[in-house]
Amino acid sequence: MIKKAIYAGSFDPITKGHLDIIIRAKELTDELIIGVLFNVNKSNYWFSETKRIEMIKESILETGISLDNIRVLSFDGLLVDLIEKENIDVLIRGLRAISDYEYEVQINLINDMLSKRKFETIFLNASRQYLYLSSSVVKEIALNKGELGHFVTSNVENMLKEKVEELNGKR
Ligand code: ADP
């Protein structure tokens, strides 16, 4: 059993692919932290970090999973700094297609060089039905008024629809 793990990303918004990793990681760990990245230099998020945190918690609950050993928090800056601050043992990453692999290896090596704390990175492969699912694909579908139910939970679907209306109102 892993003591303390982190699964980090932008989750803008959380998809069923992310949820699948969260549910599987929760089973492997005593405590799972979900780190929501807020990059001050990146202003094109659809959802604020507060909204993203809320959507993550609601999605987990909507899936029928309890939040008992899960903590959701936002962070900016380097992930390794958060790993040191929170005394994390394992970093969980989701691996989709081969295209994720190159990037992940690069990040992994850099994290290892930067971190003063020793931690392992564990890759969980994406489930078949979510292999090509990403937050950006979900946003594209929402913009084009496509069917979202396969990809996100209903609370996220509602938030996406609201956001699209807001964006269309500005045009
Ligand atoms: P980033 O800000 O790195 O793009 P994301 O929020 O897209 O972060 O993803 C966070 C983590 O979730 C990464 O490890 C990513 O590979 C993984 N991930 C994203 N989509 C999926 C999916 N459909 N199935 C499995 N893992 C995924």
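Just so it is clear, none of the values below were taken in a lab; they were calculated from the coordinates. Note that the structure is predicted; figures quoted are calculated from it, not measured. Cβ atoms come from the backbone with ideal geometry, glycine included; neighbour counts cover every protein chain shown.
Annotation: lysines with alpha-carbon distance below 28 angstrom to residue 139 (same-chain offsets under eight excluded): 16, 26, 42, 51, 57, 161, 163, 170. Taking the radius of gyration and the Kirkwood hydrodynamic radius from Cα positions alone, what is the Rg/Rh ratio for segment 42-170, to two decimal places? That ratio equals 0.99. In loop segments of segment 130-171 as defined by DSSP, the chymotrypsin sites (Phe, Trp or Tyr not before Pro) with at most 12 further C-beta atoms inside 10 Å of their C-beta are 132.
Using only the alpha-carbon atoms, how far is helix 49-62 inclined from the longest principal axis of the chain? Give it as 0 to 90 degrees, nearest 10. Roughly 90 degrees between the two axes. Of the GluC sites (Glu not before Pro) found in segment 101-166, those that fall in a DSSP loop while having at most 13 other beta-carbon atoms within 10 Å are 147. Shown here for segment 52-113: trypsin sites (Lys or Arg not before Pro) in loop regions (DSSP other than H, G, I, E, B) with at most 12 other Cβ atoms within 10 Å, of which there are none.
Under 12 Å from a point 7 Å along the Cα-to-Cβ line of residue 166: which residues of segment 34-51 have their amide N that close? Inside the label zone: 45-51.
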